[in-house]
Amino acid sequence: MPTVLVTHPRQRLQTYFGEQALTDLHQVARVKLNPDDHDWSTAELIEAAQGCAVLIAYRQTVLDTNFFAAVPGLLATVRCAVDIRTIDVAAASREGVLVTRASPGFGPSVAEWVMGVMIDLSRHITAASLAYRQGQTVEPRMGLELRGACLGIIGYGEIGRHVARLAQAFGMRVCVHDPYVTPQDRTLQSLGLRELMACADHVVCLAPASAETEKLINAQTLSWMKNTAFFINASRGQLVDEQALLHALDHGWLAGAALDVGLAADQMPSPELARHPRVVATPHVGGLTPPAMAHQALETVVQTAAILQGRMPHGAVNPDHAQRLLDRATR
């Protein structure tokens, strides 16, 4: 049987890959695991990948030009996530290595996280809970209902659609900004970015990370928001100018923020923002539920099985450049 390398650090394997996916993978290949508790360096990856037909990459695994040039037997790199920005796809293509990605299966999970933090921010739940835990006398604070409030969604993809449906079930008015998508649901209102930021009581950032969206949320866009509004980021930290957000929070230009992502390691919220009294921060757990993780891990195993059978899998990023797999299929 061919060998498949799984790069997830040991303490991340159960959570981000899971027992069922690992069991299924053992049915189609010899499995080599990362025994360490850290993300491997390029040198460690090169050494571990020798003799492997497929590498299943953890979401933080960096695969660069040096790596792809040093693993002549590797057919494919299979990312157990949607985000492939840490994989040099051009370098893989030059070496004839296929790159695949998993499809998003975390829409409902992230959408529920968004609704949860909107309630948390509106009702001061975290702040009150922490004060009680510290033995303080907590003065009751007036909260806000989601019903009747305006939600502005930046990026109307799969997660945005889930959030919109949940928000409407709460009785919220939903506005959307996405230059590339026009919602078919006529109960939603499409707005320009400035107009959305100005009218929303909650702004949820769900746009993909790209050069175009780098620091999309900055001093100017934040200045368009109401000082009673909340900002929520469930996308990627690169979309936010963190110093501008911190400045807005410090000066009371926003009522608060909720962050599941940021510029810290493993895409987590930056510590300075996470400890701000107006912020609810979680360690990139929006999509961390068993159904969401199982979806991607099990899909990764299906892709791997197809590759080992000489077939092009769903999720292929560079199929026209996967020369090693194509050569194997014609033998």
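Take peptides 261-273, 319-331 and line them up by average Cβ neighbours within 10 Å, highest first, as a rough protection proxy.
Details: 261-273: 18.2, 319-331: 14.8.
Averaged packing, sorted descending, gives the order 261-273, 319-331.
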Full extension between Tyr180 and Gln309 adds, at 0.36 nm per residue less the Cα distance, a length in nm of 42.7 nm
Simple spin-label estimate for Trp253/Gln20, 7 Å along Cα→Cβ, in nm, reads 4.7
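Give me Rg/Rg_expected for segment 67-134, where Rg uses Cα atoms only and Rg_expected = 2.2 N^0.38 Å with N residues.
Numbers: Rg = 21.0 Å, N = 68, 2.2 N^0.38 = 10.9 Å.
Dividing the Cα radius of gyration by 2.2 N^0.38 Å gives 1.92.
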Taking only the alpha carbons of segment 206-250, the radius of gyration and the largest Cα-Cα distance, Dmax, both in angstrom, are 10.2, 30
With every protein chain kept in place and a 1.4 Å probe, the chain has an accessible area per residue in Å² of 47
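Could you rank the peptides 120-132, 57-69, 280-292 by their average count of other C-beta atoms within 10 Å per residue, with the highest value first?
Those peptides, ordered most packed to least, come out 57-69, 280-292, 120-132.
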Cα-based Rg/(2.2 N^0.38 Å) for segment 177-239, rounded to two decimals, is 1.11
For segment 204-331, the percent of all C-alpha pairs falling in each 10 Å bin, from 0 up to the bin holding the max distance, is 12, 32, 22, 17, 12, 5, 0
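Ignoring ligands, DNA and RNA, please state the percent of accessible area on the chain from carbon and sulfur, probe 1.4 Å. Could the numbers behind the result be given before it?
Numbers: 8340 of 15530 Å².
Carbon with sulfur: 54 percent of the solvent-accessible area.
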Expected unfolding gain across Ala69-Ala265 under the 0.36 nm per residue rule, minus the alpha-carbon gap, is 67.9 nm
Here, segment 74-195 modelled as identical Cα point scatterers in vacuum has Debye log10 I(q)/I(0) at q = 0.13, 0.21 Å⁻¹ of -0.74, -1.11
Labelled set (1) 96, 42, 38; (2) 69, 48, 33; (3) 62, 58, 39; Cα extents along the principal axes in Å computed from this model equals the value at (2)
The long-range amide H neighbours of Ile56, using H built 1.01 Å from N in the peptide plane and a cut-off of under 5 Å, are Leu5, Val6, Thr7, Val78
Diffing segment 7-18: the Karplus 3J(HN,Hα) column from phi (6.51, -1.76, 1.60, θ = phi - 60°), in whole Hz with x for Gly and Pro, holds 8, 3, x, 3, 6, 9, 4, 5, 6, 9, 10, x
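The values are calculated or read from the model by the stated rules, or taken from the named source; none is laboratory data. Nothing here was measured: the structure is a model prediction, and the numbers come from that model. Note: ideal-geometry Cβ built from the backbone for every residue, glycine included; neighbour counts use all protein chains shown. Heavy atoms of the whole protein, side chains included, go into the accessibility calculation; ligands, DNA and RNA do not. Shrake-Rupley method; radii C 1.70, N 1.55, O 1.52, S 1.80 Å.
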